[in-house]
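Here's the structure we're looking at; comments come further down.
The values are calculated or read from the model by the stated rules, or taken from the named source; none is laboratory data. Predicted model only: the values in this text are computed from it and were never measured. All Cβ positions, glycine included, derive from the backbone under ideal geometry; neighbour counts span all protein chains shown. Note: areas computed on protein heavy atoms with side chains; ligands, DNA, RNA excluded. Shrake-Rupley method; radii C 1.70, N 1.55, O 1.52, S 1.80 Å.
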Amino acid sequence: MTEQHSRGAERGDGPPYGPGPDEALMRTLYQEHAGPLFGFVLRLVAGDRQRAEDVVQETLVRAWRNIDRLDAATGSLRPWLVTVARRIVIDNHRSSLARPREVDPSPLELLPAEDELDKALRLMTISDALDDLTEAHRAVIVETYLKGRTVTEAAAELGIPAGTVRSRIFYALRSLKLALEERGVTS
């Protein structure tokens with residue numbers, strides 16, 4: 001083992017870049033085991049080719065990092081590779097269970113979200129427009145629309161006949177619409 005390779009192994013970097021016996025071993029490892037390993041992993045990940053490729057790549061990277069421990073002379077390396085690949089799949093599955101499921105945010109973008117500033121500006125505009133109404137018109141709008149009272153309840157509260165409340169509501173809404181249009185509010 002060269003001094004440079006020894007330093008790389010001590011740091012856990014794996015073998016150094018460049019040609020050498022370790023690179024030849026990795027090429028052979030890939031050529032002999034990547035295909036069958038991919039087939040094995042593909043079954044483990046229910047046919048997800050992208051995940052299977054990622055697992056095979058990670059398995060071969062781990063083999064590269066542990067190349068000094070792998071001894072091709074002792075027999076097939078495939079059992080070690082299969083064990084590592086199976087553990088990677090299990091670890092990935094467990095980590096996906098540990099974190100919350102990701103939700104597609106696009107349906108949320110379709111929901112109208114009111115901006116508080118817009119709401120405040122709208123309320124200020126309506127309040128200003130209400131100030132333009134006569135006291136009698138403003139009173140029937142406040143009682144019926146803002147306080148939610150019926151015409152009969154508003155009539156009792158204001159001490160006027162129900163027919164007068166209906167008439168004032170009609171004219172108050174017309175005046176309010178004009179006041180809002182003057183402020184640039186349409187529909």
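Could you go through the range 157-167 and let me know if any residue there is touching an Asp or Glu at 6+ places or on another chain (Cβ under 7 Å) and open to solvent by 90 Å² or more (accessible area, probe 1.4 Å). Checking the range 157-167: at least one residue is touching an Asp or Glu at 6+ places or on another chain (Cβ under 7 Å) and open to solvent by 90 Å² or more (accessible area, probe 1.4 Å). Of the set (1) at pLDDT below 85; (2) charged (D, E, K, R); (3) open to solvent by less than 80 Å² (accessible area, probe 1.4 Å); (4) farther than 16 Å from residue 32 by Cα, all apply to residue 101 but (3). On the stretch given as the range 1-41, residues that are open to solvent by 40 Å² or more (accessible area, probe 1.4 Å), modelled with pLDDT of 60 or more and aliphatic (A, V, I, L, M) total 2.
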